[in-house]
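The values are calculated or read from the model by the stated rules, or taken from the named source; none is laboratory data. Keep in mind the model is a prediction, meaning the values are calculated, not measured. Because the Cβ atoms are built from the backbone with ideal geometry, glycine has one as well, and the counts that use them run over all protein chains shown. Remember, those area values only see protein heavy atoms, side chains included, never the ligands or the DNA or RNA. Shrake-Rupley method; radii C 1.70, N 1.55, O 1.52, S 1.80 Å.
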Amino acid sequence: MIRRRTLLAGLGAGLAVGPLSGARAQGAPVTIRMGSLKLIHSIAPSFYERFTPAGVTVEVVPFESPTECKNAVVTKSVDFGTFGIAAATLGAAAGEPLVVIASTCNRGMAVIAKKGSDIHAIKDLRGKRVAIWPGSTQEVFVLERMRMEGLSVKDITPVRISFSEMHIALARGDVDAYVGAEPGPGVSLASGVGQLVEYPYGTEMGALNMVFGAHRDTLAERPDLVRTMLEIHRKATDFAARDRDAMIAMAVAKLGQKREALELSAPNVELTWRLGPDEVRQAQAYAQHMLALKQIKRLPEPGFIDTRFVDAMGRA
């Protein structure tokens, strides 16, 4: 079962000196490869450059799906990555050497129906065609919300559509509603195609969404690199969370979406690096739901979530 890790002795006074310190001391440049998604709630890496110390370069590698980004971490194609808690839990439950070491974003999801339709609440989805991306964080959230309203997946017609295509599918009439990821819901609302059904955060999983992961070997062999990367992530995340205009401007440049849509998406995006007891408890609840839905065969092993580094940053 997932549990919150206790602090290791000496962590607060500084992690062990690793390859990063050695390389920087010798004047050699250090390049960190960071996997990221093309979503507004994965926008923090776009601000990393301004908070990267001298001698260090962060190369941000974009991925289309959370699973692709998670796999890149597992295969060490990148040093770190940000993806949904679903991808992380699926990987860890399958025995992959993946560790969640920080948060990236809470919220960022929504249930959207066609504008003018009779779908105003979750219970109204009965008998409707609903776009859902299988295996996504959003899927577990909406299935739990449906269960709370007395529905199951058998009461709807689930349609497999990627997040980037959900708005278009709704506009064409291919589906009656979708369970999407920002900025898709913002686009649907700004364009008048969609109406908000709900933000599905009323479960024991809260608003948990995207996490920051690393390979288990990286934590054991390169703790100094982890500390440096998370400090960059913390500063960039705090900056973008405080300056919404800057976040929207960056999202316009990186995602190619219209400003009016992103202005509707932004309030539904909570950028954060913190990984505290609430998030760990929500991740435990999330894994339990995945197990109940038979999306995983067993729970991740202890150590899947490691809060040592963010705990140390929080005390600094």
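When the dipole is taken about the Cα centre of the chain, and only Lys, Arg (+1) and Asp, Glu (-1) are charged at their Cβ, what size is it in debye, to the nearest 20?
On the way: 38 positive and 33 negative charges, 61 e Å.
Here the chain has a charge dipole of around 300 debye.
Label-to-label distance for residue 246 and residue 169 is 3.6 nm, based on points extended 7 Å past Cα in the beta-carbon direction. Prolate is the label for region 143-237. Its Cα gyration tensor axes, ordered a ≥ b ≥ c, give a/c of at least 1.5 and a/b above b/c. Computing FRET efficiency as 1/(1 + (r/R0)^6) for residue 31 and residue 217, where r is the C-beta to C-beta distance and R0 is 22 Å, gives about 0.80. When a/c reaches 1.5 or more, the comparison of a/b and b/c decides; with that in mind, is region 259-316 rounded, prolate or oblate per its Cα gyration tensor? Since a/c reaches 1.5 but b/c is at least a/b, the shape of region 259-316 is classed as oblate. Against the chain, whose longest principal axis comes from its Cα atoms, helix 244-255 is set at around 80 degrees.
Enter the accessible area per residue of region 156-252 (Å², integer; probe 1.4 Å; all protein chains in place).
In whole numbers, region 156-252 has 37 Å² accessible per residue.
Rounded to the nearest 20, the size of the Cβ-charge dipole of region 18-122 about its Cα centre is 200 debye, with Lys and Arg at +1 and Asp and Glu at -1.
Overall, the anisotropy analysis places region 180-316 in the oblate class: the square-rooted eigenvalues a ≥ b ≥ c of its C-alpha gyration tensor yield a/c not less than 1.5, with a/b not exceeding b/c.
Among 154/258; 254/294; 115/235; 114/154, which pairs are too far apart, with a Cα-Cα distance over 31 Å?
Values: 154/258 36 Å; 254/294 36 Å; 115/235 39 Å; 114/154 21 Å.
Among 154/258; 254/294; 115/235; 114/154, the Cα-Cα distance tops 31 Å for 154/258; 254/294; 115/235.
Taking every DSSP helix (H) stretch of at least 4 residues in the chain, weighting each as -39,500 (n - 2.57) and dividing the sum by the residue count yields a mean residue ellipticity at 222 nm of -11500 deg cm²/dmol.
The stretch between residue 270 and residue 77, if pulled fully straight at 0.36 nm per residue, gains 66.7 nm over its current Cα-Cα span.
Using 0.36 nm per residue and subtracting the Cα-Cα separation, the extra length available between residue 196 and residue 288 on full extension is 30.3 nm.
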